[in-house]
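Data block below; observations after.
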Amino acid sequence: MPTPAPSFYERHGAVRTDERVCRFERGFELPEFEYTWPVASPS
């Protein structure tokens with residue numbers, strides 16, 4: 001089940017461009033997701 005933040009970004013047109021895990025010395029792991037938005041064309 002996606003967490004609220006990624007769901008929010010994806011609902012608003014963001015695209016996940018990278019995914020990694022940050023590993024801390026004490027064994028704690030934190031997933032990291034990078035999002036980008038498409039460039040809007042000028043009106």
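What ranking of Arg20, Arg26 emerges when the number of other C-beta atoms within 10 Å of each C-beta is taken as an exposure proxy, fewest first?
Details: Arg20 10, Arg26 5.
Starting with the residue having the fewest Cβ neighbours, the order is Arg26, Arg20.
Work the Kirkwood hydrodynamic radius out for the chain: mean of 1/r over every pair of different alpha-carbon atoms, inverted, in Å. Don't jump to the answer; show the numbers that get you there.
Values: mean 1/r = 0.0817 Å⁻¹.
Result for the chain stands at 12.2 Å.
Can you sort Val39, Val15 so the residue with the fewest Cβ neighbours within 10 Å comes first? Write down the numbers at each step before the final one.
Details: Val39 6, Val15 11.
Listed from fewest to most nearby Cβ atoms, that is Val39, Val15.
No value in this document is a laboratory result; all are computed from the given coordinates. Just so we're clear, the structure is a prediction, and the values are computed from it rather than from any experiment. Glycine also receives a Cβ, built like all others from the backbone with ideal geometry; neighbour counts cover every protein chain displayed.
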